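Here is the structure we will look at, set down as structure tokens.
The values are calculated or read from the model by the stated rules, or taken from the named source; none is laboratory data. Since this is a predicted model, take the numbers as computed values, not measurements. FYI the Cβ positions are ideal-geometry reconstructions off the backbone, even for glycines, and counts take in every protein chain you see. For accessibility, only protein heavy atoms count, side chains too; no ligands or nucleic acids. Shrake-Rupley method; radii C 1.70, N 1.55, O 1.52, S 1.80 Å.
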Amino acid sequence: AAVQLAQAWGLQIYATASAGKWDTLRGMGLDDTHLASSRDLDFRQSFLTATGGEGVDVVLNALAGEFVDASLQLLPRGGRFVEMGKTDVRDPARIAANHPGVAYQAFDLPEAGVDRIGQMLAEILDMFAAEILQPLPVSVFDSAHAVQALRYLQAARHVGKVVLRLPAGLDSRGTVVITGGTGVLGGLVARHLVATHGVRHLLLLSRRGPAAAGATELVADLTELGARVQVAACDVADRDALAEVLAAVPAEHPMVGVVHTAGVLDDGVIEALTPQRLETVLRAKADAAWWLHELTQDMDLALFVVYSSAAATLGSPGQGNYAAANAVLDALALRRQTAGLVGQSLAWGLWAPQSAMTERLDEVDLDRMRRNGILAMSPEQGLALFDTAVRTDQPQLVPIRLDVAALRRAGAGSVPPLWRVLAGGSARRAATTTDTRVDLATRLAAMGVEERQRTVLELVRTQAAVVLGHPDPATIDPDSAFRELGFDSLTAVELRNRLATATGLSLPATLVFDYPTPAELGRELWTRVVPEEKTPANALQSDLDRIEQAIRTLAPGDGRDPTKLADRLRELVRRLEAQTGGHGAIPVIDTYAASDDELFDVLDKIASSEGGRTA
């Protein structure tokens, strides 16, 4: 504040502060020549040198002891010493005697008198209106944390003002705005706010407004509970449209709360995400939340709650865009609280009532969530968690229903990092992976080739059955394509994760698509766990497997003549048989294009190779 006023009056400023606050002063235009530390006495000589020994005209002091003495020496030509800290008040007469020309004043605002204080405040307000002055930074603490706030102040960690915020209840005369207000979650919280929190004025926003399914019934229910309800069609991600509908809130029922439940899903693995799919999800969640923040930040709200998702906290396969959008909401809540505004982000788990966003979840999706320890919440459980959350001052909470027993069955290596302690361990994944791989390799090394294949194939079928929710691995046909079995990009990633845990291997996300049947995938896994001896024959076998896979995926128009490819393969077969079969090798020929002599030559070789028998 002093720096801003001094700059407005054209004064040259020398300032001391702890080094951690220098960037704040630099941001206000002070260079390092005009800065010094408030933690030692070096500022005296530094500022005397910078001023050619003349010192300054005014000292504004909040230090004590020898720092006061050092500051007095910065007035060699006389001047004014204004004591603000008052932890070491000196005698003005003694100061005048020891420092000629220095007027010392311990500052107390009331001494200026009511009239002069009024004049000063009026002048300052005019300077704010002219944007000569800017509001001070504010660090806000909930009143429940008053002790922490005082310690923060005592340690001088703050810049600007430290403020205690008193909890404000929802005034029944005010209006609460709910985005996604005609949806399942919006409707639940609307009924709850009216029935439990005494809210009597609601503005429900949704894309379809009164035309939304169930909107008429919802309004009737809320009206019966004693509320006055307005339903408006509004794209809350459109700032102008949102500003217009909020401006229409009547002055006699001003906004007192915001609950942002709106959102959309457009799931897909990272490779499938496009700018459009990102924009679709971010717009409904993040853009809308930001506009709500901007348009209400000057209002005295008692509630500003945004519905985030645990996807941003835990990570969720196929929901990169949704996780990003909800992470913005989490950050926004923290930003608001830091600025002294109410704000809270609730990173919800799964609600039992199906909403527009969760209606696409099938039993396989729900089973996967249950295996990961996430259970659906009933409306009663969710709303009880809502009440618990809004009674705290935490900017982000994760209301979620967990099945700890399922987490423990999955093990610490198979659950999100946040749950690993709940799952019964915190072992480093690297060690677990190594142990798993060594154990499986040891078991396979003791088996024959056929038993290895059978064992790993059963592992693949078992994990595939778990992912698809089948009770019996026998239902997984080894030679059916994973797509035909019901795998999509999300379940493919989960199968990869489960196999990586079971084998200790680092496996690509495209594993299921690179090896499209359980049988092929099983062969690949056992060769990775127990690599074969590196012989030319084994190398050739591996190359043949890749050729076979490439032939299966070959499609018309790939740019190669299939006839030429077939001719080359026939030539390679001839070379192989000539090299490994000696003089008795039987060539492979095209019987339609071969001459009579070529055909009789083949028959002769077949006869000789069969010990004189003819074919």
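Figures for the structure shown
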| read-out | value |
| --- | --- |
| Within the accessible area of the stretch 170-299 (1.4 Å probe), percent carbon and sulfur | 52 percent |
| Surface per residue (accessible, 1.4 Å probe) for the stretch 1-56, Å² | 56 Å² |
| Gain on full stretching of the segment that runs from residue 77 to residue 404 - 0.36 nm per residue minus C-alpha separation | 110.3 nm |
| Integer Hz, Karplus 6.51/-1.76/1.60 couplings in order for the stretch 193-201, x for Gly and Pro | 5, 6, 6, 9, 9, x, 5, 10, 9 |
| Ranked packing of 286-298, 12-24, most packed first, by mean Cβ within 10 Å | 286-298, 12-24 |
| The stretch 44-149 - percent relative contact order, Cα under 8 Å, separation 6 or more | 18 percent |
| Accessible surface of the stretch 10-70 [probe 1.4 Å, protein heavy atoms]: carbon and sulfur percent | 50 percent |
| Inter-label distance for residue 446 and residue 546, nm, one decimal - labels placed 7 Å from Cα along Cα-to-Cβ | 3.4 nm |
| Protection-proxy order for peptides 161-173, 177-189, each taking the mean of Cβ atoms within 10 Å per residue, highest first | 177-189, 161-173 |
